[in-house]
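Readers should treat all values here as calculations from the given coordinates under stated rules, not as data from a laboratory. Not measured: the values here are computed from a predicted model. Cβ placement follows ideal geometry from the backbone for every residue including glycine, while neighbour counts extend to all protein chains displayed.
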Amino acid sequence: MSVAGRLLLWVLSLGVASYALIVYLSLPLGVFVHPDIRPGLQARPVVVLVHVLAAALALAIGPLQFQPHLRRGAPSVHRWLGRVYCAGMLVGGIAGVHMAFHAYGGAVARAGFAALAIAWLYTGLRAYLSIRAGDVPAHRRWMIRNFALTFAAVTLRLYVPAALALGVAFAAAYPVIAWLCWVPNLLIAQWLIAAGVSRVCAPAPAWRAPARRPAAAAGAARGSCIAAAPDRVAPCVPGTSSIAATTPREDHRFG
């Protein structure tokens, strides 16, 4: 990812996480959401606050976990932040499943948010099982997918005002956004994995001793034969000793 892309990821993630913490902790519940959603949130304040705060924690930590300097320079910090991220994802995902069954927008919106919460929990579980098994490349791939779903908290808050600005009725837009906020994210994550991350995360090939080229080997063997026995005239066979490969010059003066 480019520097601009990383910076945008940081700004959006930290911005939405900070917004959620400030608004939901200091203001009346649902004050900045659409009036049609507000009654459903106010009916379940504890679940809503647990979901929002846990998801905001995961959203704030997520970009840090993809920094190679942190993984290489401070692996213990990376592991502890990963545990906190997973705790936020687990609590937020379970609360999200509960909230999905009461979401505004009918069956389509409820199915979309329920699928998001389940996919969030599933990809987190696969990432955890991969790292426990010592499969670091698989762990990274699953965490890319998982954070793409965490980032739905950002895209949801981008698409809702965009739809309203375009004049789309909220009742019509919200069920679509319930799917649009995470399905494209997951597809982009999969594309990134297929395009580049799989090569970066692939294990290094086993080392093999370089093979000598036949011509070079033959030349080296022939040179050693000449240097060792300049009075031999029979051709030197590569791979054999210089004495075994040659025969003495015949001398009839003694015969």
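With only the Cα atoms considered, the range 14-81 has a convex hull volume of 90 Å³ per residue. Taking the fewest neighbouring Cβ atoms within 10 Å as the starting point, the ordered list for 76, 13 is 76, 13.
Its Cα gyration tensor gives the range 3-201 an equivalent ellipsoid. The semi-axes, each the square root of 5 times an eigenvalue, are 29, 18, 16 Å from largest down.
A simple spin-label model places pseudo-atoms 7 Å from Cα toward Cβ; at residue 4 and residue 31 they are separated by 3.7 nm. Here the label points at residue 135 and residue 194, each 7 Å from Cα along the C-beta direction, are separated by 2.0 nm in the simple model. The modelled label-to-label distance between residue 74 and residue 87, using points 7 Å beyond Cα along the C-beta direction, is 1.7 nm. Taking other C-beta atoms within 10 angstrom as a stand-in for reagent exposure, 41, 164, 81 fall in the order 164, 81, 41, fewest first.
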